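These notes concern the structure reproduced below.
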Amino acid sequence: MQASRQSQIIKLAILAVGGQGGGVVSDWIVHLAEENGWYAQATSVPGVAQRTGATIYYIEMVPDRGRTPVLALMPSPGDVDIVLAAELMEAGRAMMRGLVTPERTTLIASSHRAYAVSEKVVPGDGISDGGQVIETARKTSRRFIAADLERIAVRNGSVISASLFGALAASGVLPFSRDSFEATIRSGGKGIEASLRAFHEAFDAALAPVPAAPPEKKPKLSITKGPDQLTARYQDLVMRVKDEMPPEAQEMARAGLAKVVEFQDIAYGEEYLSRLVRISALDHDLGGDGKGRALTREAAKYIANAMTYDDVIRVARIKTQSRRFARVRKEMRLHDDQLLKLTEFMHPRMEEVCGMLPARLGRYIESRPRLFKAMDRLVNRGRHVRTDSIFWFTILYIFGGFSRFRRKLLRHEVEQAHLAHWLGEAERLARVNYDLAVEVLRCRRLIKGYSDTHARGLSRYDRVLSALPILEARDDGAEWLRRLREAALKDENGNALEGALKTVESL
């Protein structure tokens, strides 16, 4: 490789977004080339915005023969030797742009994910398949190198630019020694030791085989802590799961129990298990053992989600938890001598205010449109709130403490009524169409968030279940309801759902 490249231009593209150190890697590569007697030219084309378009840093280098060469300013499809991607989907975008070719390109990518805006705005699961990107990269590139370079950098107190540089050195595609790479880092003058540690670990990681897909992260159940009396009651509930739930649903039931107890209290966990035990008994009577206890398994998941709805109390509690501040400090990589200023954007509506009131008072206000609108004009506006300040932290902390009164509030009453109706509908349908009842339980995933997000989700849920009178008598009713749910999760505007509903109406 080295001998064949001595008289040729080496072309290298780096794809990274703001904060990923693409410019640092670009500067290091240019410095590396020049220190080894090569002429190098670097350009960059900024992306549109954070997570909506990567900046492409493009470098061309050629042995310096005393004359200034004419080099290109932008990469051309099919004409790039090396592509560095600071995140897995950037590797995918490089392939889509045609920058990666099987006969020429070495593709080096970090296997971690930083989700794009287009992935986050989808009502359902809009996360792109990282495994598919890896499989395509194997086929599309001449050589594919991948490792979690972000994690390596963080573990060593550095940034991903050092990890990318280490993976590039390990690839051997540039005709420069490892010592030259390290000397380039030492010439930087800042964070040298941390960068070298990340460089060395990334160098070794790049030589390891690329896994078939990013490892799946399983949620960890928190260790039960608290007063002995309460932890004993909680352990009794855990034993009930083991004794009263079928094996197929026990793992989900334990996770659901932990979620509802953390949301409210032990008594709330008892309510959760009572509902689940009733569903499990019905499931057994209907022959659910032959279907993997799907009804009980889905109920264990979605009853817990329905009982742990997002309200102002929960949001306030999350925003004032010490572990959240610790997580933010960790993500921002703050040192002990640095101060954290945290600003939140909050946009309450009168609906949320009424939901925080005692049920009778909240309904009184909602039943009087003129009063409701007048009060809404006072509260319905966006606010930037400094939760690192004593004033706003105290306000939110007090709101978070309202959980002890939650059962008497309007929002809880509304959520309990909706949960009872949804669960009753699933139980009714299970007696006539088991698979359709399972799909009704799964439709609960359409409802999430609070404020406008919750309202939109509830509207999609109502539209999907409006097709039940048509579907419950059909053998393929479950499949059609699944299609409606997936259509509702595809886009925020609801165009796909409306089209699917018209198809169902024509059946």
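Numbers for the structure displayed
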{"read-out": "Some residue of segment 436-456 being closer than 30 Å to residue 380 by Cα and polar (S, T, N, Q)", "value": "yes"}
{"read-out": "Some residue of segment 384-393 being modelled with pLDDT of 95 or more, β-branched (Val, Ile, Thr) and surrounded by 15 or more Cβ atoms within 10 Å (Cβ to Cβ)", "value": "no"}
{"read-out": "Within segment 272-292, tally of residues that are in a helix (DSSP H, G or I) and surrounded by 15 or more Cβ atoms within 10 Å (Cβ to Cβ)", "value": "11"}
{"read-out": "Segment 149-200, residues that are farther than 23 Å from residue 111 by Cβ and touching a residue at least 60 places away in the same chain (Cβ under 8 Å)", "value": "175, 176, 180, 183, 184, 187, 188"}
{"read-out": "Of all residues making up segment 368-415, the number that are under 20 Å from residue 451 (Cβ atoms), touching a strand residue (DSSP E or B) at 6+ places or on another chain (Cβ under 7 Å) and not in a helix (DSSP H, G or I)", "value": "6"}
{"read-out": "Matching residues in segment 452-467 - criterion: being under 17 Å from residue 418 (Cβ atoms), surrounded by 17 or more Cβ atoms within 10 Å (Cβ to Cβ) and either at pLDDT below 85 or not β-branched (Val, Ile, Thr) (or both)", "value": "454, 456, 457, 460, 461, 463, 465"}
{"read-out": "Residue, farthest from residue 360 (Cα to Cα), within segment 404-441, restricted to residues that are basic (Lys, Arg) and crowded, with 18+ Cβ neighbours inside 10 Å", "value": "406"}
{"read-out": "Restricting segment 139-158 to residues that are surrounded by 18 or more Cβ atoms within 10 Å (Cβ to Cβ) and touching an Asp or Glu at 6+ places or on another chain (Cβ under 8 Å), the residue that is farthest from residue 192 (Cα to Cα)", "value": "150"}
{"read-out": "Single unsatisfied condition, residue 328 versus (1) within 30 Å of residue 410 (Cα to Cα); (2) free of Cβ contacts under 8 Å to residues at least 24 places away in the same chain; (3) surrounded by 12 or more Cβ atoms within 10 Å (Cβ to Cβ)", "value": "(1)"}
{"read-out": "Near pairs, Cβ below 7 angstrom, 6+ apart or cross-chain, from segment 275-297 (of a type in the set (Asp, Glu)) to any residue that is buried (at least 16 other Cβ atoms within 10 Å of the Cβ)", "value": "283/293; 283/295; 283/296"}
{"read-out": "Options 226, 269, 290; residue that is at pLDDT 90 or above and of a type outside the set (Ser, Thr, Tyr)", "value": "269"}
{"read-out": "Residues that are of a type in the set (D, E, K, R), over 14 Å from residue 452 (Cα atoms) and in contact with a helix residue (DSSP H, G or I) (Cβ under 7 Å, 6 or more places away or on another chain), drawn from segment 315-357", "value": "317, 319, 324, 344"}
{"read-out": "Flag for residue 507 being in contact with a helix residue (DSSP H, G or I) (Cβ under 8 Å, 6 or more places away or on another chain), crowded, with 18+ Cβ neighbours inside 10 Å and of a type outside the set (Gly, Ala, Ser)", "value": "no"}
{"read-out": "Matching entry among 249, 255, 306 (being under 30 Å from residue 394 (Cα atoms) and either out of contact with any strand residue (DSSP E or B) (no Cβ under 9 Å at 6 or more places or on another chain) or part of a loop (DSSP other than H, G, I, E, B) (or both))", "value": "306"}
{"read-out": "Only listed residue being under 26 Å from the mean Cα position of the chain (by Cα) and at pLDDT 90 or above, chosen from 127, 145", "value": "145"}
{"read-out": "Matching residues, segment 317-350, being assigned to a helix (DSSP H, G or I) and either of a type in the set (Lys, Arg) or in contact with a His (Cβ under 9 Å, 6 or more places away or on another chain) (or both)", "value": "317, 319, 323, 324, 327, 329, 330"}
{"read-out": "The lone exception for residue 340 - which of (1) surrounded by 18 or more Cβ atoms within 10 Å (Cβ to Cβ); (2) farther than 25 Å from residue 447 by Cβ it fails", "value": "(1)"}
{"read-out": "Entirely in segment 417-507, the helices (runs of 4 or more DSSP H) that have 3 or more residues that are in contact with a Cys (Cβ under 9 Å, 6 or more places away or on another chain), free of Cβ contacts under 8 Å to residues at least 60 places away in the same chain and under 26 Å from residue 291 (Cα atoms)", "value": "452-465, 477-488"}
{"read-out": "Single residue of segment 57-113 satisfying the filter (surrounded by 14 or more Cβ atoms within 10 Å (Cβ to Cβ) and among the acidic types (Asp, Glu)) that is nearest to residue 43 (Cα to Cα)", "value": "60"}
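A quick yes/no check of all residues on (1) hydroxyl-bearing (Ser, Thr, Tyr); (2) closer than 16 Å to residue 501 by Cβ; (3) under 22 Å from the mean Cα position of the chain (by Cα):
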{"position": "429", "(1), (2), (3)": "no, no, no"}
{"position": "436", "(1), (2), (3)": "no, no, no"}
{"position": "439", "(1), (2), (3)": "no, yes, no"}
{"position": "442", "(1), (2), (3)": "no, no, yes"}
{"position": "463", "(1), (2), (3)": "no, yes, no"}
{"position": "467", "(1), (2), (3)": "no, yes, no"}
{"position": "470", "(1), (2), (3)": "no, yes, no"}
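The values are calculated or read from the model by the stated rules, or taken from the named source; none is laboratory data. Worth saying up front: this structure is predicted, and the values here are computed from it rather than measured. Cβ sites come from the backbone with ideal geometry, for glycine too, and all protein chains shown count toward neighbours.
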